[in-house]
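Undergrad: First the structure, then my questions, so here it is.
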Amino acid sequence: MNLISDIFIPFQALWQMPAPNSMHIDFGDLVAIIIIPALCLLIGWLAWVMNRVSHLKVKAQVEFQTRLLEKIHSAQDVAQLMQSEEGRQFIEAFFVKQPALMEEILGSVRKGIICTAVGLGGLLLRWIFPMGFGVFIIASILTGAIGVGFLISSVITYRLSKSWGLISKAR
């Protein structure tokens, strides 16, 4: 035999070879390739939009307050402003208000419920459509665990705040 003919595959043999997995499409691959990155992009975009909206609100409030402050020329103007209820509220608006403790706890509960529901929904989808990789199982377990962590954190924060007297017993 000739050395060249042993190395190269005849041209006709290339046309006769079927492509590997040419007719089989695994939908689990589509989940890993399309749906998971699209979901990550959607979550990132939503976080950016929410952050941007709050930033624009604060920026508009600062610009408005700056324009109003430019009209105050002396300490007498400030004293007159402090005598009215609206003036006091205006001056108090300059101080950054920290969210109330209960609002923070409720925000944590809200995040926990959403993450837990998304995690359980992902596990339910994986149970209904069992084909493909275990990407849904991993993502769902992680999301659900984060949600349960938020819920546990909010319960611990509430109990500690109540025991330290930061939250009144009447609530």
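The values are calculated or read from the model by the stated rules, or taken from the named source; none is laboratory data. What you see is a predicted model, and the numbers here were worked out from it, not measured in a lab. Positions of Cβ are backbone-derived with ideal geometry, glycine not excepted, and every protein chain shown enters the neighbour counts.
Undergrad: Would you mind stating whether PHE150 is buried (at least 17 other Cβ atoms within 10 Å of the Cβ), of a type in the set (Phe, Trp, Tyr) and under 16 Å from the mean Cα position of the chain (by Cα)?
TA: The answer is yes for PHE150.
Undergrad: Right, next: Give the number of residues within segment 129-151 that are free of Cβ contacts under 8 Å to residues at least 40 places away in the same chain and part of a helix (DSSP H, G or I).
TA: 12
Undergrad: Another question, if that's okay. Which condition does LEU166 not pass, out of (1) touching a residue at least 24 places away in the same chain (Cβ under 8 Å); (2) in a helix (DSSP H, G or I), if it passes all the others?
TA: If we test LEU166 against (1) touching a residue at least 24 places away in the same chain (Cβ under 8 Å); (2) in a helix (DSSP H, G or I), just (2) comes out false.
Undergrad: Checking the condition modelled with pLDDT of 85 or more, under 30 Å from TRP127 (Cβ atoms) and under 30 Å from the mean Cα position of the chain (by Cα), which residue from LEU39, LEU46, LEU30 passes?
TA: After applying the criteria, what remains is LEU46.
Undergrad: Another one. How many residues are within 16 Å of LEU39 (Cβ to Cβ) and touching a Lys or Arg at 6+ places or on another chain (Cβ under 7 Å) when one looks only at segment 98-153?
TA: Number of matching residues: 3.
Undergrad: Let me ask something else. Condition first: in contact (Cβ under 8 Å) with a residue 24 or more places away in the chain and under 30 Å from CYS40 (Cβ atoms). Can you find one or more residues in segment 79-100 that meet it?
TA: No.
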